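A quick write-up on the structure given underneath.
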Amino acid sequence: MFKKLTCLTILSISLISSYGQKDSLKTLGGGDVDQTTMDSLGLVNPELQKKYNAGVKAFTAKSYMDAVQRFTEVILMDEAHVDAYFYRGQAFKGLSKNSEAISDFDKTMVLDPSRAEAAYFKGSILLDDQDYENAAKAFDKASGMDKSNEKYPYYKGVAEFQMEMYELAVKSFDEAVKRKSDYAYAYNDRGSAKMKTGDLDGAIADYKNAVRHDDYLSFAYNNLGSAYKAKEDYKNADKYYTEALKRDTKYHVAYNNRGTARYEAGKFKDALSDYSKAIEINPKYAYAYNNKASVFIQMENYKEAVKNCDKAIEIEPEYMEAFVNRGIAKEMLKDIDGACADWQDAFILGSENAEQYVNGPACSGK
Amino acid sequence: MFRKIKTKRMKNITLTLITLVIGLSSFSQVDTPFDKKLFKEQKDEFKVANKHLEEGDVYYMAYSRDYRKAVAEYLQANKFNPNSADLNYKIGMCYYNFDKYQMKQYFEKAYSLKPTVSNDILFYIAISYHIEGEWQKAIDYYNQFASKATAPELQPMKTKAFKKVQECKNGQDLANKKARVWIDNLGDKVNSKYPDYGPVISADEAIMVYTARRPGVEDLSPDGAYFEDMFYSENVDGNWTEGKNIGKPLNIEGQHDATIGLSPDGHTLFIYNDKKGNGDIYISSDEEGSWSKPVQLGKNINTDAHEPDASLSFDGKRLYFTSDKPGGLGGHDIYYSDWNEDKEKWGEAVNIGNVLNTPYEERSVFIHPDGETMYFSSTGHNTMGGLDLFQTKLVEGKWTKPVNLGPPLNTPDHDVQLVVAGNGRYGYASSYRQGGYGEKDIYLITFLGPEKPPMLSNEDNLIASIAKPIKEKVKEPELVMEGSNMAILTGIIRDEKTREPLQAKVVLVDNDKNEIIAEFTSDANTGKYLVSLPAGKNYGIAVKKDGYLFHSENFVIPEASGFKEYKKDVDLKKVEVGQKIVLRNIFFDYGKYSLRDASVNELERLIGLLNDNPTMRIELSGHTDTRGSTTDNQVLSQNRAESVVDYLVSHGINKSRLEFAGYGESQTLITDSQISKMKSKKEKEDAHQQNRRTEVKILKL
């Protein structure tokens, strides 16, 4: 039994370890294991093998239900068939039957405690489900099982980031880059975790590492821009947002961010242009409408500010910042009732400033 | 230094060149005096025009110069002969005295026709530019005047010119520090084509009294305009009613009667009266339902000098006023006087000091009901011209360096008499602005406060393996609080049964110091009362009237709490068996039953009630909110009621007159069901506090 498992494991050449894993069975050479090989390994149940191969074939063809059925048949014949559990788990994952998938991965790990991939795939399901705590545990387990794979600590870091445990996330990303020194994604994400802890210089260094290893990462350039923006170095912020946009001309997020860097530098017309560009790319981008309103407030064009806030709120009806801004613009248009109503909405949505405005003399006066 | 000299020299050369060009360009225009020899071909027209000129001269040179009538005549003469330097100069001088925005063209014309028309012409041209905010041109002309003003009689004017140069520099500096205000004309219900000015308001902006010079039954005053009278307007649902002449005894025929101050509760009016020729402050009250005959404020306030402004503190205890009496720092100064309760008169006047007072004029003082903000006008400090409005704050007992309120509130002309409502957002002032109804008008000033910062939204793809960007955490900018730091309590006092309005006494107590701060009286006709509550105190408020049980309220106004207005109608209960009142100013520590010191005033009031009704028997009851254990609440409330009884007994009340009971949470004023429907945590907490109380019930009289 042990021999059979070992052989199968050897046959299972290392899977492509991408998060949305595909073709994990490609390395089985198209799915079928020929009888000669099986004989040479001393595997003696041809029926079982036939069913297993059929399952592999179905899985490769993305006929997940069929694959599940086949692997189930294998399991019925052999309760300890670790691969059948493993790949059935993947087929269940393909069918979005997550609890069944997790159950199979757990079973895989029971049968083969060194099967790091099972932990990894379990983690990826949990990460998708936003069960970050258990996802982190699963990735941690995978990372412990396989100390060479950089993806396991990476995704552990991702789960920790999502739980806002940024210092732990940094450590996990540290492990990831230790295992793979040119792991651009890990540098990027570690940079982001450092942003969250306030280590802006550390974030900048990491983002720079990310782009050094992969110059096409537009989002890393964007993040670099945002790190400089957080340092109020708007010149460098502008520079790196521009680099992001060179690599992705449709990157509306970067246009919006560069617009803000320009706004903070007092370049309102340039900011307006960038926000407009963001909207041109993504007409449903509420943030850019809101930010345009902010520019118009600075330019004392309050009517345009209101119009843009209207649009932002139409797209996102619970957009707190847009209610605050629209209140500000309405006050300057002497629509005090309208302003107070907007600030009341903003207050309900969580704005502390709006609470002060509502309780202030503007709204409690005439 | 060399660069400075060079620049100054360059400026002088430039100005001289400009002047020369003006002179040369009007080469075709020659000074043409009103000489019949020069108008031989137009004898009849000359005769008519010269008559106008002579008529104008009569008004211009009369003892009480009537510049309006003078200019009317001069302009007729000017139509015939616009090239008389002397006539242009006189027209300019007329406008200087009542409409400065019209004078520039005439002074410049006079100068272009004849640069020597008068040795002060450059000074008045400078003023013309100054009044329009053309700072640099004004500075240049003032300097040019000063450089030429060598005659002894011009030295005072030269000194003024140097001051005005500084005012222009102030104007240049203040141009970048504009006040965030709206200035809106109050409209034709309040304003007219005649001068309307000097608005004074109650703290809640319910009423306004102001001065106007409008036609009435009287003749014109010696200066050619109508006599000053006081007008009254009410704010109904945000709109001011038509201004009505306040009538006698405040307005007296044949004399100027002008508003200078109104107490925050609107019941005490300060009036400027000049019948003695030196300007004094008078006071009138309407507590009995109509305005009383104005009386003088006494010798500590009014002197042989000029006292034209007054403002009363929120508690009625300190009067701020201005006077140009000897011993000040120069011109009019700000003084204050404290009310002497024992002698029932105002005490010695004290000069407020050289942080606020200057060697120049300080006028139109206004103390805000928050007790810590003062507004006044001054031709000193960093005025940009004439009287400018300033604000100062009382910090740790000292007034801060006054801050110029800036344009557009301040202009190069006089800006005076700003009054600000309790909320700090709205003020009222009068000025002469284009687009008004004529002459001076009253304007509503809306103080917008610090800029409200707009909020931006950004996001980043922080996690490489997740396509959806993550929004940047919203960090709201820190706000500077706008508005004032105080509360206003207002309402109507009525008989509980008949609902008739009552004139009653409202006593304001500082519970922490156990001191009575002030006493007010509600309006005899309407029962309306208003109390100003500056921030930073625990206030006890008692409403008292003979024959009625007193009513008790408590307001804690924290420091930096902003502005709040509380509306609280008070229904007074007659002293009858079965009547109950809640003692809101009896305090215990949390979970304990020993009385806190802040309860003393309320207890003294209760003792007063019992002493005034020597056969009265009462029940004191303690009540809690519904939180905590029912048994504990019952015991605590019983103990607390007993503590009150013990205090009364220890202060001379016979124990046989007192019963006590603890009702715990069994008699809440606001039920749990009602509380659960409340939206905010604060509302709920206030409701629980209403339930925690000590009550007095009359058992027998």
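The values are calculated or read from the model by the stated rules, or taken from the named source; none is laboratory data. For clarity, every value in this text was computed on a predicted model and none was experimentally measured. Heads up, the Cβs are rebuilt from the backbone with ideal geometry, glycines too, and the neighbour counts pull from every protein chain shown. Accessible surface areas use protein heavy atoms only, side chains included; no ligands, DNA or RNA. Shrake-Rupley method; radii C 1.70, N 1.55, O 1.52, S 1.80 Å.
Of interest is the spacing of the C-alpha centroids, which for region A:223-298 and region B:563-614 amounts to 62 Å. Amide hydrogen proximity for B:V181: with H placed 1.01 Å from N in the peptide plane, the residues at 5 or more positions away or on another chain lying under 5 Å are B:L448. Counting Cβ atoms of other protein chains within 10 Å of each residue's Cβ and taking the mean over peptide A:351-361 gives 5. Remark: for residue pairs A:K239/B:K468; B:K37/B:K100; A:K196/B:K681, the C-alpha separation exceeds 28 Å in B:K37/B:K100; A:K196/B:K681.
Solvent-accessible surface of chain A, taken per residue with a 1.4 Å probe and all protein chains present: 45 Å². Each Lys and Arg adds +1 at its Cβ and each Asp and Glu adds -1 at its Cβ; summed about the Cα centre, region B:466-555 shows a dipole of about 380 debye. Pick out, from B:P215, B:A62, B:Y375, the residue whose Cα sits farthest towards the positive end of the charge dipole of the protein assembly as shown, with +1 on the Cβ of Lys and Arg and -1 on the Cβ of Asp and Glu. The listed residue farthest towards the positive side: B:A62.
Relative to the longest principal axis of the Cα atoms of chain A, helix A:166-179 runs at roughly 50 degrees. 3J(HN,Hα) along region B:155-166, derived from phi through the Karplus expression 6.51 cos²θ - 1.76 cosθ + 1.60 where θ = phi - 60°, amounts to 4, x, 5, 5, 4, 4, 4, 5, 5, 5, 4, 4 Hz, with x in place of Gly and Pro. Charge dipole (Cα centre; +1 on Lys/Arg Cβ, -1 on Asp/Glu Cβ; no other charges) of chain B amounts to roughly 1920 debye. If you take all other residues with their beta carbon under 13 Å from the beta carbon of B:Y272, and give Lys and Arg +1 and Asp and Glu -1, the sum is -4. Taking Cα centre as origin and charging only the Cβ of basic (Lys, Arg, +1) and acidic (Asp, Glu, -1) residues, the dipole magnitude of region B:336-393 rounds to 220 debye. Ranked by the mean number of other Cβ atoms within 10 Å of their residues, highest first, the peptides A:236-244, B:571-579, A:98-106 come out as A:236-244, A:98-106, B:571-579.
Element breakdown for chain A at a 1.4 angstrom probe: carbon and sulfur atoms account for 49% of the accessible area. Backbone phi angles across region A:95-102, fed through the Karplus curve with coefficients 6.51, -1.76 and 1.60 (θ = phi - 60°), yield HN-Hα couplings of 8, 6, 8, 5, 5, 5, 4, 4 Hz in residue order; Gly and Pro are listed as x. Amide H of B:V556 versus every other amide H placed in the peptide plane: which residues, excluding those fewer than 5 positions away on the same chain, fall under 5 Å? Under 5 Å from the amide H of B:V556 lie the amide H atoms of B:Y539, each far enough along the sequence or on another chain. Would you mind calculating the relative contact order of chain B from Cα pairs under 8 angstrom and at least 6 residues apart, reporting the percent as a whole number? Relative contact order here is 8 percent.
For region B:545-701, carbon and sulfur atoms together expose 48% of the accessible surface, with a 1.4 angstrom probe and every protein chain in place. Close amide-amide hydrogen proximity is noted between B:F660 and B:L620, each under 5 Å apart and 5 or more residues distant or on a separate chain (H modeled in the peptide plane; Pro and chain starts excluded).
Scalar couplings 3J(HN,Hα) for region B:317-330, obtained by applying the Karplus form with A = 6.51, B = -1.76, C = 1.60 to θ = phi - 60°, are 9, 10, 10, 9, 8, 10, 7, 10, 5, x, x, x, 8, x Hz; x denotes Gly and Pro.
Taking 0.36 nm per residue of separation and subtracting the Cα-Cα distance, full extension of the segment from B:E500 to B:V556 would add 17.2 nm.
What do you get for the angle between helix A:2-11 and the principal long axis of chain A? Use alpha-carbon atoms, 0 to 90 degrees, nearest ten. Compared with the principal axis, the helix lies near 50 degrees. The trypsin sites (Lys or Arg not before Pro) of region B:290-356 that DSSP puts in a loop, and whose beta carbon has at most 15 other beta carbons within 10 Å, are B:K299, B:K317, B:K343.
Total buried accessible area between B and A, probe 1.4 Å, nearest 100: 3900 Å². Where does the protein assembly as shown land at 222 nm, in deg cm²/dmol rounded to the nearest 500, when only DSSP H runs of n ≥ 4 count, each adding -39500 (n - 2.57), divided by all residues? Calculated mean residue ellipticity at 222 nm is -13500 deg cm²/dmol.
Among the residues of B:469-476, the average count of other protein chain beta-carbon atoms within 10 Å of the residue beta-carbon is 4. Within the straight-line cut-off of under 16 Å between alpha carbons, the lysines reachable from A:K180 are A:K147, A:K151, A:K156, A:K171, sequence neighbours fewer than 8 places apart in one chain being disregarded. Region B:107-161 and region B:262-325 have Cα centres separated by 40 Å. Between the listed residues A:F71, A:H213, A:G123, the Cα displaced farthest toward the positive end of the dipole of region A:63-220, a dipole computed from Cβ unit charges relative to the Cα centre, is found at A:H213.
Within the same chain, lysines fewer than 8 places from B:K684 are excluded, and of the rest, none has a Cα less than 16 Å from its Cα. Against the main long axis of the alpha-carbon atoms of chain B, helix B:85-98 sits at an angle near 10°. Ordering B:S263, B:L113, B:I675 by Cα displacement along the dipole of the protein assembly as shown toward the positive end leaves B:L113 in first place; charges were set at the Cβ atoms of Lys, Arg (+1) and Asp, Glu (-1).
The mean sequence separation of alpha-carbon pairs under 8 Å and at least six residues apart, normalised by the residue count of region B:321-408, gives a relative contact order of 20 percent. Inter-chain neighbour count for B:441-454: the average number of beta-carbon atoms from partner chains within 10 Å of each residue's beta-carbon is 4.
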